[in-house]
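Novice: Below is a structure I'd like to ask you about.
The values are calculated or read from the model by the stated rules, or taken from the named source; none is laboratory data. Since the structure is predicted, the reported quantities are computational estimates derived from the model, not experimental observations. Cβ atoms come from the backbone with ideal geometry, glycine included; neighbour counts cover every protein chain shown.
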Amino acid sequence: MVNNISILKNITILYAEDEDALRDITLNILKGFTKKQYIAKDGLEGLKLFEQYQDQIDLIITDVNMPNMNGLEMIKKIKVINPNIPIIVTTAFSNTEYLLEAIDIGVDKYILKPIDMKKLLQIMGQSLLYHELKDLYIDKLTNLPNRNKLKKDLDENSNTIMALVNIDKFSNINDLYGEENGDELLFQFALKLKNEFSNSTYQIYRIESDKFGIVTKDHSIELEEFKEKCIKLAHEIEDNSIKIAEHEIDINVTIGIATGADAYKFSQRVISYAKNRLEQVMVYDHSFNIQEDIEENIKWVKKIKNALKENKFRAYYQPIVDSQTKEIYKYEALLRYIDEDGSAVSPMLFLDIAKKAKLYPKIIIVMLKEAFELIKQKQKRVAVNISFDDIISVKTRKKVFEILEENKAHTSLLEFEILESEQIKDFDAVIDFIKEVKKIGCNIGVDDFGAGYSNFIMLTNLNIDFVKIDGSLIKEIDQRQNQQVIVSTIASFSDQFGFKTVAEFVSSEAIYNKVKEIGVDYCQGYYFEKPISFEEV
């Protein structure tokens, strides 16, 4: 009877019919072919059922002439909620004027009364072509066209302007309020975009979990006009919370805008560029050299992978001296890439790329092994940086402790510096790590203190041996009174709680004298020595 009868068994329908006898007969047949049926006696009841069960309903069959609310009025309201839901209209031959109106509001399937059940089932099977396309082109949560549809539309129409709208740090919302509230926020956000950008002029897409696209349909819209509209949207979102249940959730967005056939690709690139520069809205411009940056990133990913295979990473060691005596107390192991010509390349050029490419955990292992070589061969105390991500990674942490166990006779000369600027999110994990490494005999401290997230309460909760004061507070301390006050406070606080202080970026005698005067215990910087190779130590 129907070619795709197996697919019919997987669908849920909404059937609205006011004639009792016809409804019962049709329903009994539909029960044998479909998974589930919601039944309405008029349009108003049908609308309420759709509002309640819209996520389940795959197909609507409705009469036109019904009390309370006729089928066409019901369809109009349902189309506002989900413009893509397939609807089959049943109508008497004498009601052809209704049929014309049905076509006008987007109904593309109909069947005349009296209903031929074979014909109805065939039409339902044809409508399931939409059901397959729905998964391919429609986002289930928001009922917006998805990334596949966006790419298809851009291929067919390159003369357009596109904005990529990214909800900043959306994962934090899921963590704070739960995924159910996060999904509701996305749904409400989609409605807000629809309200701000009219359907006749713009098309809205949901591209990824927290990314939405806005594409111009009207080619008379100028780029500057579109940008101003996006800026207005960003400000309105920033100024107005989104209410979800009893919660008022504040969000911010970053918007990247691009034009032409490559609008999607370039809007993705410019949105990252905008975030790095703390811009809410930015238009892609070829002068940004984003393509060159990408090519450079790709080049460095290959270099990093080869360096790990071919042992091209080395530790260079910068002395840390006693502030009073200027005698070397320990060395900090600093990563260097050894280039083809033998030159040592600073990690400033590649460390962030290594982290984004998930290669950094392998680098910390290299640095530990290098540090132990210096400790074993030259009996020097060495500090190694470790990130919060390294500490919470089960695989990396396991490897770190394996290396510590292999070198347990020398761990008393190894120190770890936790990169505090990365924001410690799980204090229990860090406290546990500190406890374990101190058992093995290592000292441990916090690096970059005073940058960004720093707080003194954190220091008192961690059983550390030292705190390294961020270089941004040191490099002009001889000239800036406010930096002197901050560093003096850190030094006094640390002294009271029993851990030592280290000042980095000590690059001149004047800076050294000021740091010494304030009472910082140790100094590090080019005034004493640049990072040097293993052979030079």
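Novice: Just to verify a result, which residue in segment 467-485, among those that are over 34 Å from the mean Cα position of the chain (by Cα) and assigned to a helix (DSSP H, G or I), is modelled with the lowest pLDDT?
Specialist: ASN482
Novice: Out of all the residues in segment 164-185, which are surrounded by 15 or more Cβ atoms within 10 Å (Cβ to Cβ) and over 20 Å from VAL281 (Cα atoms)?
Specialist: Answer for segment 164-185, where residues must be surrounded by 15 or more Cβ atoms within 10 Å (Cβ to Cβ) and over 20 Å from VAL281 (Cα atoms): ILE173, ASN174, TYR177, ASN181, GLY182, ASP183, GLU184, LEU185.
Novice: Does at least one position in segment 464-471 carry a residue that is at positive phi and crowded, with 19+ Cβ neighbours inside 10 Å? Walk me through it before giving the result.
Specialist: To start, the set of residues in segment 464-471 that are at positive phi comprises none.
No: segment 464-471 contains no residue that is at positive phi and crowded, with 19+ Cβ neighbours inside 10 Å.
Novice: Looking only at segment 284-296, decide whether some residue is at pLDDT 90 or above, outside the structural domain of LEU419 (by TED's automatic domain parsing) and under 30 Å from GLY213 (Cβ atoms).
Specialist: no
Novice: Within segment 186-209, track down each residue that is assigned to a loop (DSSP other than H, G, I, E, B), among the polar types (S, T, N, Q) and either at pLDDT 90 or above or within 18 Å of the chain's Cα centre (by Cα) (or both). If you could, list the steps in order and put the result at the bottom.
Specialist: Start the filter on segment 186-209 by keeping residues that are assigned to a loop (DSSP other than H, G, I, E, B), which leaves 197-201, 209.
When the remaining residues are screened for being among the polar types (S, T, N, Q), the result is 198-201, 209.
Matches in segment 186-209: SER209 only.
Novice: Which one is farthest from LYS475 (Cα to Cα) among residues in segment 498-534 that are β-branched (Val, Ile, Thr) and crowded, with 23+ Cβ neighbours inside 10 Å?
Specialist: THR501
Novice: Turning to a different aspect of this structure: Do you know which residues across segment 465-492 are touching a helix residue (DSSP H, G or I) at 6+ places or on another chain (Cβ under 7 Å), more than 17 Å from TYR527 (Cα to Cα) and not polar (S, T, N, Q)?
Specialist: VAL467, ILE486, VAL487, ALA491
Novice: Condition check: at pLDDT 90 or above and surrounded by fewer than 17 Cβ atoms within 10 Å (Cβ to Cβ). Does GLU45 satisfy that? Lay out the reasoning, then the answer.
Specialist: On the way: at pLDDT 90 or above: yes; surrounded by fewer than 17 Cβ atoms within 10 Å (Cβ to Cβ): no.
Considered against the rule, which asks whether it is at pLDDT 90 or above and surrounded by fewer than 17 Cβ atoms within 10 Å (Cβ to Cβ), GLU45 comes out as no.
Novice: Further question on the same structure: Name the residue that is modelled with the lowest pLDDT, counting only residues in segment 307-356 that are out of contact with any helix residue (DSSP H, G or I) (no Cβ under 9 Å at 6 or more places or on another chain), among the hydroxyl-bearing types (Ser, Thr, Tyr) and over 15 Å from PHE534 (Cα atoms).
Specialist: SER346
Novice: Next question, about the same structure. Starting from residues that are free of Cβ contacts under 8 Å to residues at least 12 places away in the same chain and more than 12 Å from MET282 (Cα to Cα), keep the ones in segment 210-231 and report whichever is farthest from the chain's Cα centre (by Cα).
Specialist: Per the stated criteria, the residue is SER220.
Novice: What is the number of the single condition among (1) charged (D, E, K, R); (2) on the phi > 0 side of the Ramachandran plot; (3) over 27 Å from the mean Cα position of the chain (by Cα) that ARG314 does not meet?
Specialist: Checking ARG314 against (1) charged (D, E, K, R); (2) on the phi > 0 side of the Ramachandran plot; (3) over 27 Å from the mean Cα position of the chain (by Cα), the one that fails is (2).
Novice: Just give me the residues in segment 338-352 being out of contact with any Lys or Arg (no Cβ under 9 Å at 6 or more places or on another chain) and closer than 17 Å to ASN297 by Cβ, in sequence order.
Specialist: Those that are out of contact with any Lys or Arg (no Cβ under 9 Å at 6 or more places or on another chain) and closer than 17 Å to ASN297 by Cβ: MET348, LEU349, LEU351, ASP352.
Novice: Let me confirm something: among PHE226, PHE212, which residue is among the aromatic types (Phe, Trp, Tyr), within 20 Å of ALA263 (Cα to Cα) and not in a helix (DSSP H, G or I)?
Specialist: When all the criteria are applied, what remains is PHE212.
Novice: If you check ILE298 against the conditions, is it surrounded by 12 or more Cβ atoms within 10 Å (Cβ to Cβ) and more than 30 Å from LEU335 (Cα to Cα)?
Specialist: Details: surrounded by 12 or more Cβ atoms within 10 Å (Cβ to Cβ): yes; more than 30 Å from LEU335 (Cα to Cα): no.
So ILE298 does not fit the description; no.
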